[in-house]
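The values are calculated or read from the model by the stated rules, or taken from the named source; none is laboratory data. Everything numeric in this text was worked out from a predicted model, so none of it was measured. Don't worry about glycine lacking a Cβ; one is built from the backbone with ideal geometry, like all the others, and counts go over all protein chains shown.
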Amino acid sequence: MSLSILNLQPELLENDIVKLIPLEENHFEVLYKVASDPLIWEQHPKKDRYKIEVFKPFFDAAIDAKTAFLILDKKNNEIMGTTRYYDYNPEESSVAIGFTFIGRKFWGGAYNQSVKKLLLDYAFQNVTSVFFHVGSENIRSQKAVLKLGASKTREMNFPDNETGIPHYEYELKK
């Protein structure tokens, strides 16, 4: 059986609303400008990620993963946030989408759903399941993944170990 391999960081994913480009080191300042809003992180397990010393390791991990994207408003190229793929498992035909945040200016509209649809459509060319791991207190994100049609599959720690943070895992099947 041959497995198709998913390129986890294509050069460009876009639709009418947003475009995703590979996250690069030189995006730090512009992305941190969005991330420095404490209200973005109020329901997130890392509530102090708006602080530069907490955001920097998050950003560095995204760069090191080589699977992260900068999210841009297609209309004017304004920086909206970031997202990435992780936990790609070709044998299980699955990948996870997460580590996503979007500036408050873009909340409540079609932006988050548009970003996720781009990522899902691309992933489903090569996998049959996509997972989302959402902090147990992050009601906004839980509602957002349910709107996508995902189902809650389990409660877990994330990372999946005894020192992880309580999360819910959601799955969306092709």
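Side notes on the structure shown:
- At least 1 residues being over 13 Å from the mean Cα position of the chain (by Cα) and among the acidic types (Asp, Glu) is the threshold, and among the strands (runs of 3 or more DSSP E) wholly inside the stretch 38-130 those reaching it are 68-73.
- Pair list, Cβ < 7 Å and 6+ apart or interchain, from the stretch 163-174 residues that are at pLDDT below 90 to residues that are in a strand (DSSP E or B): GLY164/ASN157; GLY164/PHE158; ILE165/GLY135; ILE165/ASN157; ILE165/PHE158
- Boolean, ILE63 is among the β-branched types (Val, Ile, Thr) and more than 23 Å from PRO166 (Cβ to Cβ): yes
- The listed residues are ILE79, ILE97, ILE40, and the only one of them that is touching a helix residue (DSSP H, G or I) at 6+ places or on another chain (Cβ under 7 Å) and over 30 Å from ILE5 (Cα atoms) turns out to be ILE40.
Here's the yes/no breakdown for (1) touching a Pro at 6+ places or on another chain (Cβ under 8 Å); (2) exposed (fewer than 14 other Cβ atoms within 10 Å of the Cβ):
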| site | (1), (2) |
| --- | --- |
| VAL115 | no, no |
| GLN125 | no, yes |
| ASN138 | yes, no |
| LEU146 | no, no |
| GLU171 | no, no |
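- LYS143 vs. criteria modelled with pLDDT under 95 and charged (D, E, K, R): yes
- Tally of residues being within 15 Å of the chain's Cα centre (by Cα) and either assigned to a loop (DSSP other than H, G, I, E, B) or over 19 Å from ILE40 (Cβ atoms) (or both) across the stretch 131-145: 2
- Within the stretch 32-42, restricting attention to residues that are within 11 Å of ILE102 (Cβ to Cβ) and among the hydrophobic types (A, V, I, L, M, F, W, C), the residue that is surrounded by the most Cβ atoms within 10 Å (Cβ to Cβ) is ALA35.
- Residues in the stretch 1-37 that are among the polar types (S, T, N, Q), closer than 27 Å to GLU92 by Cβ and under 18 Å from the mean Cα position of the chain (by Cα): 2 in all.
- Looking only at the stretch 42-74, residues that are in contact (Cβ under 8 Å) with a residue 40 or more places away in the chain and under 20 Å from GLY108 (Cβ atoms) come to 6 in all.
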